[in-house]
Amino acid sequence: MGWMTRFLTAIAFLAVGVIFSPETFGSKSAKITTFVRLAHLLCFSTAWGAALWVTFIGGIIMFKNLPRHQFGNLQSKMFPAYFMMVGICCAVSVGCFGYTHPWKSSATAEKYQLGFLVAAFVFNLTNLFVFTPMTIEMMKQRHKIERESNIGEEVGWTKNQEVAKVNPKLASMNKKFGMIHGLSSLANIMSFGSLAMHSWYLAGKLDL
């Protein structure tokens with residue numbers, strides 16, 4: 001994850017520079033402005049679409065149809081990539097929006113929108129570097145306990161809940177996992193909500 005950290009840090013610093021000193025990056029010609037707007041729309045729509053699918057559709061379908069350990073192992077590979085992609089898209093959107101709406105001259109509405117985009121970026125970074133690694137580690141520990149009880153290859157939570165009633169170790173791990181997973185889910189929902197607020201703003205700017 002070292003290269004990922006450096007890459008996201010570089011993008012974040014670039015975005016901050018664009019927000020507070022857009023003139024450093026050259027004059028705003030019509031072609032450059034159009035390109036920046038296109039980059040903003042593509043990156044925002046990618047982040048928004050990915051968040052919608054993963055949060056409300058893909059994850060639920062996989063949970064209802066895959067054996068639980070297989071589902072968990074798949075999620076442990078998918079979520080770091082998901083949070084990295086959405087984080088990069090949010091960072092690019094922040095930079096592009098900051099370029100077309102400089103902080104010093106922006107209206108209050110645009111400053112709020114920039115805040116929503118920055119919030120989405122921060123929530124994704126928090127998930128990528130804090131909650132997801134913790135969740136994956138706890139998931140592996142719980143899988144180990146479950147394999148000792150010969151469960152985990154079924155679909156759904158029923159057997160886990162039954163065994164946890166007579167296995168204090170599994171019950172304790174379920175509680176810890178649930179807390180960290182809940183924080184990760186909350187950060188993801190907050191990111192999604194921030195992107196939703198920006199989608200409402202963009203919809204208000206359309207003239208169809």
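Could I have the simple spin-label model distance between residue 107 and residue 158, label points 7 Å from Cα toward Cβ, reported in nm to one decimal?
Between residue 107 and residue 158, the simple spin-label model gives 5.7 nm.
How large is the convex hull of the Cα atoms of segment 30-204 per residue, expressed in Å³ as a whole number? Display every interim value, and only then the final one.
Details: hull volume 19.9 nm³, N = 175.
It is 114 Å³ per residue.
For the chain, what does -39500 (n - 2.57) per DSSP helix run (n ≥ 4), summed and divided by total residues, give at 222 nm, in deg cm²/dmol to the nearest 500?
Working: 8 runs with 164 residues, N = 208.
Result for the chain, helices only: -27000 deg cm²/dmol.
Put +1 on the Cβ of every Lys and Arg and -1 on every Asp and Glu Cβ in the chain; which of 99, 82, 163 then has its Cα farthest towards the positive end of the dipole?
Of the options given, the answer is 163.
Say we join alpha carbon atoms closer than 10 Å with springs in a Gaussian network model of the chain; which of 30, 119, 196 then has the biggest fluctuation?
So, out of 30, 119, 196, the one fluctuating most is 30.
Given +1 on the Cβ of Lys and Arg, -1 on the Cβ of Asp and Glu, and no further charges, what dipole in debye does segment 30-204 carry about its Cα centre, rounded to the nearest 20? It would help to have the intermediate numbers written out before the result.
Details: 16 positive and 7 negative charges, 35 e Å.
Rounded to the nearest 20 debye, it is 160 debye.
Enter the accessible area of residue 46 (Å², nearest 10), with the probe set to 1.4 Å and all protein chains included.
60 Å²
How big is the equivalent ellipsoid of segment 98-146 along its three axes, where each semi-axis is √(5λ) from the Cα gyration tensor, reported in whole Å from largest to smallest? Could the numbers behind the result be given before it?
On the way: eigenvalues 319, 12, 5 Å².
For segment 98-146, the semi-axes come out at 40, 8, 5 Å.
Have a look at 181, 42, 61 and report the one farthest towards the positive end of the charge dipole of the chain, computed about the Cα centre with Cβ charges (Lys/Arg +1, Asp/Glu -1).
It is 181, whose Cα lies furthest towards the positive end.
Under 17 Å from the Cα of residue 175, which lysines turn up, not counting those fewer than eight places away in the same chain?
Leaving aside lysines fewer than 8 places away in the same chain, those within reach of residue 175 are 140, 144, 159, 165.
The values are calculated or read from the model by the stated rules, or taken from the named source; none is laboratory data. On a predicted model such as this, the values are computed, not experimentally measured, just so you know. Note that each Cβ is placed from the backbone with ideal geometry, even for glycine, and that neighbours are counted across all protein chains shown. These area figures cover heavy atoms from the full protein model, side chains too; ligands, DNA and RNA do not enter into them. Shrake-Rupley method; radii C 1.70, N 1.55, O 1.52, S 1.80 Å.
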